[in-house]
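Notes to accompany the following structure.
The values are calculated or read from the model by the stated rules, or taken from the named source; none is laboratory data. Here the structure is a predicted model, which is why all the values come from computation and not from measurement. Here the Cβ positions follow ideal geometry from the backbone for every residue, glycine too, while neighbour counts run over all protein chains shown. SASA here: full protein model, heavy atoms, side chains in, ligands and nucleic acids out. Shrake-Rupley method; radii C 1.70, N 1.55, O 1.52, S 1.80 Å.
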Amino acid sequence: MKKTLHILETIYRIILVILTALIVIIGIYQVIGRFFVFLHLPTSWTEESMRYIYVGIIMLGLATVTRAEAFTTITVLPDIINRHSRVGGVILYWVQSLIQILCFGLMFWFGLKLALSAGNRVAAVTRIPFSIIYAPIPVGAGLSTIISILKLIQNPRGNTAIATKEEEEI
């Protein structure tokens, strides 16, 4: 099971790297097309395609950020509560986790409804079906929901790694 998850995660990260490289390549093409007009490179499709790829990267990257617990957070309240009451810290961890699962679940549900409701509409310039453009929303939110649930099951008390001496000095 762990080997399968590792393979899937590797494929997932490769897709994110390919999408990022694609944005760089399209961006370079756009700059060349704009500044070297004599080459007659049409660049009308670059802006739209880069926008959709950015959204895809953000939504697909949500699962990676969730797994790494790399969200930007302000930890003043959890730190104070954990210092005074371990039970309060666990309760706060559960509340935060359940809110996160609820938000990801809602994002999955409405993202799925959005992708399925796109019908046969296509983007103005690139002619990409909106169902494909919207697909990363439920995929990223669904994976993030699953990861959040698994994290809550694997770590029900919200135990964090013990801070090193360097972290305490900062």
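Values for this structure:
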quantity: Count of region 144-158 residues which are in contact with a Phe, Trp or Tyr (Cβ under 8 Å, 6 or more places away or on another chain) and buried (at least 16 other Cβ atoms within 10 Å of the Cβ); calculated: 5
quantity: Residue pairs meeting the criteria (Cβ under 8 Å; at least 6 apart or on separate chains; first over 15 Å from THR43 (Cα atoms), in region 118-132; second polar (S, T, N, Q) and open to solvent by 60 Å² or more (accessible area, probe 1.4 Å)); calculated: PRO129/ASN120
quantity: Verdict on VAL95 being loosely packed, with under 12 Cβ neighbours inside 10 Å and at pLDDT 90 or above; calculated: yes
quantity: Of the criteria (1) of a type in the set (Gly, Ala, Ser); (2) in contact (Cβ under 8 Å) with a residue 40 or more places away in the chain; (3) open to solvent by less than 70 Å² (accessible area, probe 1.4 Å), which one GLY27 fails; calculated: (2)
quantity: Helices (runs of 4 or more DSSP H) wholly inside region 59-158 containing at least 1 residues that are over 25 Å from ILE15 (Cα atoms) and in contact with a helix residue (DSSP H, G or I) (Cβ under 9 Å, 6 or more places away or on another chain); calculated: 76-84, 86-117, 136-154
quantity: Number of the exception - ILE7 against (1) over 22 Å from the mean Cα position of the chain (by Cα); (2) farther than 26 Å from GLY158 by Cα; (3) without any contact (Cβ under 8 Å) to a residue 40 or more places away in the chain; (4) open to solvent by 80 Å² or more (accessible area, probe 1.4 Å); calculated: (1)
quantity: Extreme residue, nearest to PRO129 (Cα to Cα), among residues of region 66-92 that are in contact (Cβ under 8 Å) with a residue 12 or more places away in the chain and surrounded by 13 or more Cβ atoms within 10 Å (Cβ to Cβ); calculated: THR66
quantity: Identity of the residue in region 30-46, touching a helix residue (DSSP H, G or I) at 6+ places or on another chain (Cβ under 7 Å) and either touching a residue at least 60 places away in the same chain (Cβ under 8 Å) or within 21 Å of ILE57 (Cα to Cα) (or both), that ends up most open to solvent (accessible area, probe 1.4 Å); calculated: GLN30
